[in-house]
Amino acid sequence: MRSLPAVRIRRALGVVAFALLAALVPAVLATTAHAGVTLIGTGTLTGPDLSGLTGTLESGASASNLGGIGSGVAWAGGDTFLFTPDRGPNATAWNSAVDDTTSYISRFQTVNLGLSSAVFTSGSVTTLAPTLTDTTLLSSTTALNYGSAPALNSTGLNYFTGRSDAFGAGLSSNPNNARLDPESIRVAQNGKSVFVSDEYGPYIYQFDRATGERIGVITLPAKFAVANLSSQGATEISGNTSGRVANKGMEGLAITPDGKTLVGIMQSPLIQDGGTDGSTVRIVTIDIATGKVTHEYAYKLDNIGTVAKPKYPTVSEIVAINDHEFLVDERDGKGLGDGSNAAVKKLYKIDLTGAADVSALSGAANLAPKAVGKTLFLDVVAALTSVGYTTATIPAKLEGVAFGPDVLVSGVLEHTLIVANDNDFLDTVGGVANPNRVFVFGVTADALPSYQAQRIPEPATLALAALGLMGCMVGRRKG
């Protein structure tokens, strides 16, 4: 990686001061012109990425494939967002012994969504032109366990990979394992590092934002891991009686606006809590300063069919509204990319205040009665079909969710809520375009009165502050 520039200087980005403008708009206009949550913009992004990688993976896919980026998305201040693809291309059959996974190197993509320069008008959907500005590969300075190591390891770093056989002895949460299936990303309060959650461990790792090198490990309780590991997910599931379900580990990750707490959520119930047939998943809260899990809470999934399977949807993301309220993304796997019709893509609002701690409990029957209450915040399927999408053209995997900067919509200040899809690295499915797609929703102040934005300083600004130049605000970004 030393020969591949991990840090790129980005063009200056202006930050628009909307607060003063909002104060000039009559309150009655804010409540009548834009009630609730509406789609205000969409954008697509095509590759290759900026990793500088050449050649192909074992399956024949490009090593620099810009795909699956909507597995996780995080706001990094201004117009900048970080997107993380999952474990890489595995749709092409080449080796069933590793579930067709490849030595794709884990990474995150830095994208400018162009929200500050876009014009948003009530009742219409603006077409955005997202720009990829950087690709950062994720690595470790210490040795990792591999089945087959990426060729780039010859540069002196040990890169995390999507190959399912990249593990050694011990629990699946062994941090020396190279396999990583990133599913969510959040930016630390100082803007210099990112937290990434994963399904293989489940892991939560902290990476330097500029270099991509791992700088921290948060270890979850052993009950979240599995003891019998396999490069084949079905074998791993059948060989364990407790721990996370294969490929359904720590799916969502939130960071509170004060930057002090991480909140993770599992995609499906743990095996001992019912597995994929269970109704209730676990939420964990983590004190960032100590890296310790402080609480576990229960979240009950919707029942979407008593006969047909799956009986319950899965969770794809959690994002903080403030230090105790969150949005949780529940979805099915249906829609564009699956050859079926989307039915369940919903964001629910929850409040952990006063919720029961379930750390000492096990089993769906014990967890479900303790589940935190939830209220529907946004039915994404309904919102998209109302503006012309069909249930067949809504992406199957709407997984990444993040708040963004406030924008003006017909003169009224609104929050932005970003929803992105994981296209499984497939640009087309059955002859139908299946791009990396971003949906931008406008959220009126009255629809989310308790919202608190995370304030993330820009690395360049931090450097100037250290020189005593606090009064000079610049938008130049690094890494």
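Taking a Cβ cut-off of under 10 Å around Leu253, the surrounding Lys, Arg, Asp and Glu residues balance to a net charge of -3, with basic ones at +1 and acidic ones at -1. Based on the convex hull around the alpha carbon atoms, region 33-126 presents an average projected area of 8.0 nm².
Percent relative contact order of the chain, based on C-alpha pairs within less than 8 angstrom and at least six residues apart? Don't skip to the answer; put the middle values down first.
Values: 1317 pairs, mean separation 87.0, N = 479.
The normalised contact order for the chain reaches 18 percent.
Relative intensity of region 199-330 on a log10 scale, I(q)/I(0) at q = 0.09, 0.12 Å⁻¹, equals -0.27, -0.48, per a Debye sum over C-alpha point scatterers of equal strength in the absence of solvent. Taking every protein chain into account, the accessible area of the chain amounts to 37 square angstrom per residue (probe 1.4 Å).
Cα gyration tensor of region 273-416, axes a ≥ b ≥ c as square roots of the eigenvalues: rounded (a/c below 1.5), prolate (a/b > b/c) or oblate? Intermediate values should be presented prior to the final figure.
Values: a/c = 2.32, a/b = 1.19, b/c = 1.94.
Note, shape of region 273-416 comes out oblate.
At the residue level, Asp427 shows approximately 100 square angstrom of accessible surface with a 1.4 angstrom probe and all protein chains present. The mean sequence separation of alpha-carbon pairs under 8 Å and at least six residues apart, normalised by the residue count of region 94-201, gives a relative contact order of 24 percent.
Using only Cα atoms, what Kirkwood radius does region 343-382 have, in angstroms?
On the way: mean 1/r = 0.0840 Å⁻¹.
Kirkwood radius, region 343-382: 11.9 Å.
Working from label points 7 Å from Cα in the Cα-to-Cβ sense, the Asn190 to Gln452 distance is 2.1 nm.
Under 20 °C and 1.002 mPa s, how fast does region 121-208 diffuse according to Stokes-Einstein, given a Kirkwood radius computed over C-alpha pairs? Answer in µm²/s, whole number.
Numbers: Rh = 15.0 Å.
It diffuses with D of about 143 µm²/s by this estimate.
Using the Cα gyration tensor of region 347-444, with a ≥ b ≥ c the square roots of its eigenvalues, what is the shape: rounded (a/c below 1.5), prolate (a/b larger than b/c) or oblate (neither)? The shape class here is oblate.
Multiplying the residue separation of Ala308 and Ala289 by 0.36 nm and subtracting their alpha-carbon distance yields 2.4 nm. Solvent-accessible area of the chain (1.4 angstrom probe, protein heavy atoms only): carbon and sulfur portion equals 55 percent. Put simply, when 101-107, 119-125, 91-97 are sorted by average Cβ atoms within 10 angstrom per residue, most first, you get 101-107, 119-125, 91-97. Protection proxy ranking for 139-145, 294-300, using the average of other Cβ atoms within 10 Å per residue and placing the highest first: 294-300, 139-145.
Multiplying the residue separation of Asn176 and Ser116 by 0.36 nm and removing their Cα-Cα distance gives an extension gain of 17.5 nm.
Cross-linked pairs Lys192/Lys397; Lys349/Lys370; Lys260/Lys300; Lys223/Lys248; Lys260/Lys397: Cα-Cα separations exceed 24 Å for Lys192/Lys397; Lys260/Lys300; Lys260/Lys397.
Using the rule -39500 (n - 2.57) for each DSSP H run of four or more residues, divided by the residues of the chain, the 222 nm mean residue ellipticity is -1500 deg cm²/dmol. Label 7 Å along Cα→Cβ of Asp351; region 301-343 residues with amide nitrogen under 18 Å? Of the residues in region 301-343, 319-328 have backbone N under 18 Å from the label point off Asp351.
The share of Cα pairs per 10 Å bin across the chain, counted from zero up to the longest distance, runs 4, 21, 33, 28, 12, 2, 0 percent.
The values are calculated or read from the model by the stated rules, or taken from the named source; none is laboratory data. None of the values given here were measured: they were computed from a predicted structure. For neighbour counting, all protein chains shown are included, and Cβ atoms are generated from backbone atoms with ideal geometry for every residue, glycine included. Note: areas computed on protein heavy atoms with side chains; ligands, DNA, RNA excluded. Shrake-Rupley method; radii C 1.70, N 1.55, O 1.52, S 1.80 Å.
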